[in-house]
Amino acid sequence: MPASAQVARHPAVADYGAIAPMAQVANRPAAMDDMRALFEITGEARGPNGVNRSLDRVARYLNLLASSGVSTKPGDIKVIIHGPATPLILRDEAYQKRFNSANPNTPLIAALKRAGVEIHVCGQATAGQGIAREDIDPAVTLDLSAMTTLVLLQRQGWPLVSD
């Protein structure tokens, strides 16, 4: 793929969340719009190369915003992970022990962090799935629970995007 096509499909997060650039479409955000969002990720569904599809959607959202000229500030995009999706937050070593492969989500988590995304995981889900604190990727914040995070942030006006 030519470099210009790569940039057009991944203007904010390289290699993840590919978009199809479009002109003259409805509901395109303006550069000054507040597009902060809270993504809830529960599904274990994996896309190509084993990357969690819902986590890849966060990168797509950033790419869609960038293609419309919208810049996000660090912390404008938050993710809370729980349920069957919880193991995607494992450090490579812990993921390797559980699944006999490197964690395919580690590079995506790093790319999202570089883009200013806050990634959180439900502490109740990690406890229930036997995930020790030291096995959590250091780029991920351990929360008390997804329920409390969801309620607190929605009460503060965060729009919710669920998978």
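The values are calculated or read from the model by the stated rules, or taken from the named source; none is laboratory data. Since the structure is predicted, the reported quantities are computational estimates derived from the model, not experimental observations. Backbone-built Cβ (ideal geometry, glycine too); neighbour counts: all protein chains shown. Calculation scope for accessible area: heavy atoms of the full protein, side chains included, ligands and nucleic acids excluded. Shrake-Rupley method; radii C 1.70, N 1.55, O 1.52, S 1.80 Å.
At-a-glance table
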read-out: First in segment 18-35 and touching a residue at least 12 places away in the same chain (Cβ under 8 Å), second anywhere and open to solvent by less than 60 Å² (accessible area, probe 1.4 Å) and among the hydroxyl-bearing types (Ser, Thr, Tyr), Cβ under 7 Å, 6 or more apart; value: Ile19/Ser67; Pro21/Ser67; Arg28/Ser68; Pro29/Ser68; Met35/Thr72
read-out: Residues of segment 118-143 classified as part of a loop (DSSP other than H, G, I, E, B) and either at positive phi or loosely packed, with under 12 Cβ neighbours inside 10 Å (or both), total; value: 3
read-out: Lone qualifier among Lys113, Lys78, Lys73 - being touching a residue at least 24 places away in the same chain (Cβ under 8 Å), touching an Asp or Glu at 6+ places or on another chain (Cβ under 6 Å) and open to solvent by 20 Å² or more (accessible area, probe 1.4 Å); value: Lys78
read-out: Looking only at segment 25-45, and only at residues there that are open to solvent by 60 Å² or more (accessible area, probe 1.4 Å) and acidic (Asp, Glu), the one that is modelled with the lowest pLDDT; value: Glu44
read-out: Unmet requirement for Ala59, which otherwise passes all of (1) of a type outside the set (Val, Ile, Thr); (2) under 18 Å from Tyr16 (Cα atoms); (3) open to solvent by 30 Å² or more (accessible area, probe 1.4 Å); value: (3)
read-out: Residue match in segment 13-20 (condition: buried (at least 21 other Cβ atoms within 10 Å of the Cβ), within 21 Å of Val140 (Cβ to Cβ) and aliphatic (A, V, I, L, M)); value: yes
read-out: Among the candidates Leu152, Leu108, residue that is assigned to a helix (DSSP H, G or I) and touching a residue at least 24 places away in the same chain (Cβ under 8 Å); value: Leu108
read-out: Yes/no for Asp163 being surrounded by 19 or more Cβ atoms within 10 Å (Cβ to Cβ) and either among the acidic types (Asp, Glu) or over 14 Å from the mean Cα position of the chain (by Cα) (or both); value: no
read-out: Among (1) within 18 Å of Tyr16 (Cβ to Cβ); (2) without any contact (Cβ under 8 Å) to a residue 12 or more places away in the chain - the single one Ala127 does not satisfy; value: (1)
read-out: Residue check, Ala85 open to solvent by 30 Å² or more (accessible area, probe 1.4 Å), touching an Asp or Glu at 6+ places or on another chain (Cβ under 9 Å) and at pLDDT 95 or above; value: no
